[in-house]
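Laboratory data are not the source of any read-out in this text; all were calculated from the coordinates shown. The structure displayed is predicted, hence computed values, not measured ones. When we count neighbours, we look across all protein chains shown, and the Cβ atoms used for this are built from the backbone with ideal geometry, even at glycine.
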Amino acid sequence: MTDGIITLDFPSVGATENIILAATLSNNVVYIKNAAMEPEIVDLQNFINKMGGKISGAGTKDIKIIGVEKLETKIEYEIMPDRIEIGTLLCAAAITKGNINIKNVRIEHILPIVYKLEEMGCEITLKEKEIGLISKDRLKACNIKTMPYPGFPTDMQPIIASTLGVAKGTSIIVENIFENRYKYLSELKRMGAKIAIEGRTAIIKGIKRYDCAKVEATDLRGGAALILAGLNANGKTVISNIGYILRGYENIDEKLRKLGANIYLREGE
């Protein structure tokens, strides 16, 4: 890689991260314009800089990487809390009329999720590095558009869609980041969801409760959406192809059991 400026047509998280990784040990100076601003980019910068890298600007649209010859590998670093896992657990409480309190939270990272859950009727309390949610009544419909950070995260789209599937009224979701991110909806429909797709838009007419069914995870977040639907459903829901889910959630079954869920993994799945 040579010195230069790389301008992204779209502020892609993956592209931004890969350019940073490639430029870090390049012995050149590389500028990224229109970079993704997600918290994970900042976390990557801080991690590499602790190893001896020279990166600045993460969290803005302009990032500068001064390449170095080598990085120190013997360091200790605490990674940021997983904002999508936090959002998933909040939605799990919302869809089951539950009560949850989560610690070690960076509130500023999850504000778009918080605002929508409040709009849906959830009671939310915020403290320093801590969030509580109480869901008492049937959720209310709302509209969502996924956007690059600090907008509503695309990774939360399937999870919030599953939650809105049992909200009162009609919700509209517009997916502005990834194409073909509605594959999971066919499985959600098997559980009774009333959802129509028009291009990048999903129109959700809320039902009172999901039906139990045998369904298949089509991707990571779509699989999490099916777990939430299963928590709400009356009866036993079986989700296959759970490797997708386990790739992005550590001990998700154990965490949900601690919250009162009747969920377990079958051997070999």
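Report the percentage of all Cα-Cα pairs in the chain whose separation exceeds 22 Å, rounded to a whole percent. So the portion of pairs separated by more than 22 Å is 59 percent.
Once you divide the Cα radius of gyration of the range 19-174 by 2.2 N^0.38 Å, the number left is 1.25. Given R₀ = 25 Å, FRET efficiency for Asn49-Arg106 by Cβ-Cβ distance, to 0.05? Calculated transfer efficiency: 0.85.
Counting neighbouring beta carbons within 10 Å and listing from fewest to most, the residues Arg83, Arg257 come out as Arg257, Arg83. Using only the alpha-carbon atoms of the range 198-265 as identical scatterers, what base-10 log of I(q)/I(0) does the Debye formula give at q = 0.21 Å⁻¹? Cα-only, vacuum Debye calculation for the range 198-265: -0.94. Pairs spanning more than 19 Å between alpha-carbon atoms, out of Lys116/Lys205; Lys116/Lys140; Lys97/Lys255; Lys214/Lys258; Lys97/Lys168: Lys214/Lys258. If I take R0 = 30 Å and measure r between the Cβ atoms of Met147 and Arg266 in this structure, what FRET efficiency does the formula 1/(1 + (r/R0)^6) give, to the nearest 0.05? Calculated value: 0.20. Taking every alpha-carbon pair under 8 Å whose residues sit at least 6 apart, the chain reaches a relative contact order of 12 percent.
Taking chymotrypsin sites (Phe, Trp or Tyr not before Pro) as candidate sites, keep only those in a DSSP loop with at most 14 other Cβ atoms within 10 Å, then name the longest stretch of the chain containing none of them. Value returned for the longest uninterrupted segment is 78-177. Cross-link partners for Lys33 among the lysines, with Cα-Cα distance under 23 Å and sequence neighbours closer than 8 places in the same chain left out: Lys54, Lys61, Lys64. Calculated [222 nm] ellipticity per residue, helices only, for the chain: -9000 deg cm²/dmol; basis is -39500 (n - 2.57) per DSSP H run with n ≥ 4, divided by all residues, nearest 500. Kirkwood analysis of the range 4-66, using all unique Cα-Cα pairs, places the hydrodynamic radius at 11.1 Å. Using every pair of distinct Cα positions in the range 89-191, the Kirkwood expression returns a hydrodynamic radius of 14.1 angstrom.
For Leu25 and Tyr115 in the same chain, what is the full-extension length gain: residue separation times 0.36 nm, less their Cα-Cα distance, in nm?
28.4 nm
With a simple spin-label model that places each label point 7 Å from the Cα along the Cα-to-Cβ direction, the separation between Glu250 and Ser12 comes to 2.8 nm. Given the C-alpha centroids of the range 1-53 and the range 60-113, what is the distance between them in whole angstrom? Distance between centres, Cα-based: 18 Å. The residues Ile197, Ile207, when put in order of fewest to most other Cβ atoms within 10 Å, stand as Ile197, Ile207.
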